[in-house]
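The values are calculated or read from the model by the stated rules, or taken from the named source; none is laboratory data. Note that the coordinates shown come from a computational prediction; the quantities given were computed from them, not determined experimentally. In this analysis, Cβ positions are derived from the backbone assuming ideal geometry, glycine residues included, and neighbour counts consider all displayed protein chains.
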């Protein structure tokens, strides 16, 4: 008959092992959550732009987020950045928020569809992979390069018919391309310089800097807006879900992974956005687009899969 000594002690329910499993599950789900929520930014942006100018809605968004995050930081007694770090932190925020979002919203406001605008996010993984080696010393394998180009081809197929119809002016497509340039710069900058930034107080600095940058642009629009239910819903979603939740997810993913690997998730944004726009705004989506979506999934697997 076994004695208590002979029996293996099982960890109490809810103990360290359970906590570790919960954290592992949370980290494993982060990429999928990021893709879904990031894709909603194009949808919420299009919804709000019917009632406000692109830079006006961004200025309102940044000011609201600064207030929300300041309250959170004060309640949680988060450490504030050193004075000498403020400029470095602010530059990352200007790239990711004022630059990327400003270019994206400007593109949508001049006629580029949400799905087409999100297509330009598919350029970011390639731009990041090209620049990550000289700037961060990260190595991109042959399999990852192949995945990057397959992903680019897949994102093109997702909205091929849209581009063929000429949806979006040359100016709009320029804005959409610049959005990829800004988010690439922001990803690389955050990876190189933002590793020690407290995500609560650092984000306050970044959104405040972005509000300062967008203020004169919003003034040029005469702060054009009409308080419609659509604008209120759009701002609420953009401020809480996107600016607080999803951007925090992005920065956590950047800290935990190589820049090129994290950037590959942006391949999934155009297909996800196209599906959302199809159901919400009746934007077209044909059979070729579904082939592109399949290629995108394969591409992300090739880029993110790690050999043992």
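Table for the structure above
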read-out: Residues located in the range 97-145, provided they are surrounded by fewer than 24 Cβ atoms within 10 Å (Cβ to Cβ), closer than 20 Å to residue 52 by Cβ and at pLDDT below 80; value: 111
read-out: Condition check for residue 68: modelled with pLDDT of 90 or more, surrounded by fewer than 23 Cβ atoms within 10 Å (Cβ to Cβ), out of contact with any helix residue (DSSP H, G or I) (no Cβ under 9 Å at 6 or more places or on another chain) and assigned to a helix (DSSP H, G or I); value: no
read-out: Filtered residue count, the range 201-244, keeping only those that are part of a helix (DSSP H, G or I) and either in contact with a helix residue (DSSP H, G or I) (Cβ under 8 Å, 6 or more places away or on another chain) or crowded, with 21+ Cβ neighbours inside 10 Å (or both); value: 30
read-out: Flag for residue 251 being assigned to a loop (DSSP other than H, G, I, E, B) and in contact with a helix residue (DSSP H, G or I) (Cβ under 8 Å, 6 or more places away or on another chain); value: no
read-out: Residue within the range 28-44 that is outside any helix (DSSP H, G or I) and either modelled with pLDDT of 95 or more or crowded, with 19+ Cβ neighbours inside 10 Å (or both) present; value: no
